[in-house]
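First up is the structure itself, then whatever we jot down about it.
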Amino acid sequence: MSTVGILVNPRSGSDVRRLLTSAGSSTVEDKVSILRRIIHGATEAGAEEVVLTRDPFSITRRATENLQLPLKVVFLDLPLHHNERDSVDAAQAMRDAGCGSVVSLGGDGTNRALALGWPDAPLIPISTGTNNAFPVHVEPTVAGVAAGLVATGAVSLMAHSARAKVVAVEVTGGDTGTETDMALIDAVAVNDPYVGSLELFDPETMMLGVLTQADPAAIGFSGLAGTVLPCPSVEERGVVLEFAPPSLNPARLVRAALAPGWFATVGLVRSEYLDLDTPVEVDGPCLLAFDGERSRRLHAGQTASLRVVRQGPRVIDVGAVVHSGARTGAFELRVGNSEP
């Protein structure tokens, strides 16, 4: 059975940063509409089943109510933890359910969690978050069509997708042994006391960053790095930045949008391209922020090794998929043979 998984982060695009910046919101109604369009597109492309998770705002339930479609809707029976573990668990369950493609609704953090659960997921990431260097802006109907074409095998996944780069993180030292983690876009060391904070990053506390891609047209650390060393996702390298507090008058100052509508002056003492699999080390104490979220405390005596590697989700090129489908007649109705 051709199956499409759809992972919805119900809280994406609605955190505290809307009170501090000009970031837009992604409401529950927005997500319901997006989800319905994805499902209709996938069904038109031949998907026979869609796999979803339940959420506290009933987004998936509302989007699938009264669907008059030849489609089986499956809800995964997973406990809710109301944190990133929900997305990790959902991705693992969708992999185990045999989903031929997955569509995610969220930002960089949502897709990082998905990748933790299913590292090589065949993924179409749709942007509904705050800082969105990884997800794409695409009409959900077309994204659903692409997901359906891939899930049914009408269009080759391998020919129309590429593994994403990630920052592989290995923490050593202390009493916990070796621990691993990852980031899709950026891993940044900051001198900040609060794990889990979604407050804006203070340039006075930023220490070092390793990025998989640097795009001056993006928001956040990717946009900042892109203003000095552009590095698209297709390049086989990353970027390393070493920061200095602007109050110390470093030799180089950069002005960049670290959040939607919010610009900051950042001091730099080092900016270099980084070959794949080349380690950059940072010593504790500090906090490590992954894809814009402060995630892990690095204690004194611990060291984190950060490497850019191409071991992330297999990101599907929506445009390439639908163009391939058009060339091979995937959208033509199959009319029975008859004499003229």
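Couple of notes before you dig in:
- Selection within region 250-261: residues that are of a type outside the set (Gly, Ala, Ser) and touching a strand residue (DSSP E or B) at 6+ places or on another chain (Cβ under 8 Å). The member of this set that is nearest to ASP202 (Cα to Cα) is LEU258.
- When region 66-85 is filtered for residues that are modelled with pLDDT under 95 and among the charged types (D, E, K, R), the ones remaining, listed by number, are ASP77, GLU84, ARG85.
- Close pairs (7 angstrom Cβ cut-off, 6 or more residues apart or separate chains): farther than 10 Å from PRO245 by Cβ and modelled with pLDDT under 95 in region 185-211, open to solvent by 50 Å² or more (accessible area, probe 1.4 Å) and hydrophobic (A, V, I, L, M, F, W, C) anywhere: LEU198/VAL16; LEU200/LEU20; LEU200/TRP262
- Considering region 116-148, the residues that are among the β-branched types (Val, Ile, Thr), in contact with an Asp or Glu (Cβ under 9 Å, 6 or more places away or on another chain) and assigned to a helix (DSSP H, G or I) include one that is surrounded by the fewest Cβ atoms within 10 Å (Cβ to Cβ), namely THR141.
- Within the option set PHE263, PHE243, being free of Cβ contacts under 8 Å to residues at least 12 places away in the same chain, within 19 Å of GLY209 (Cβ to Cβ) and not acidic (Asp, Glu) holds for one residue only, PHE263.
- Selection within region 222-269 - in contact with a Gly (Cβ under 9 Å, 6 or more places away or on another chain), open to solvent by 50 Å² or more (accessible area, probe 1.4 Å) and outside any loop (DSSP other than H, G, I, E, B): GLU242, SER247, LEU248, ARG252, LEU253
- Checking each residue in region 36-58 for being under 21 Å from SER156 (Cα atoms), part of a helix (DSSP H, G or I) and either of a type in the set (Gly, Ala, Ser) or without any contact (Cβ under 8 Å) to a residue 40 or more places away in the chain (or both) picks out GLY41, ALA42.
The values are calculated or read from the model by the stated rules, or taken from the named source; none is laboratory data. Because the structure is a prediction, the values reported are computed rather than measured. Methodologically, a virtual Cβ is constructed for each residue, glycine included, from the backbone with ideal geometry; neighbour enumeration extends over all protein chains shown. Protein only, heavy atoms only, side chains kept; ligands, DNA and RNA dropped before computing areas. Shrake-Rupley method; radii C 1.70, N 1.55, O 1.52, S 1.80 Å.
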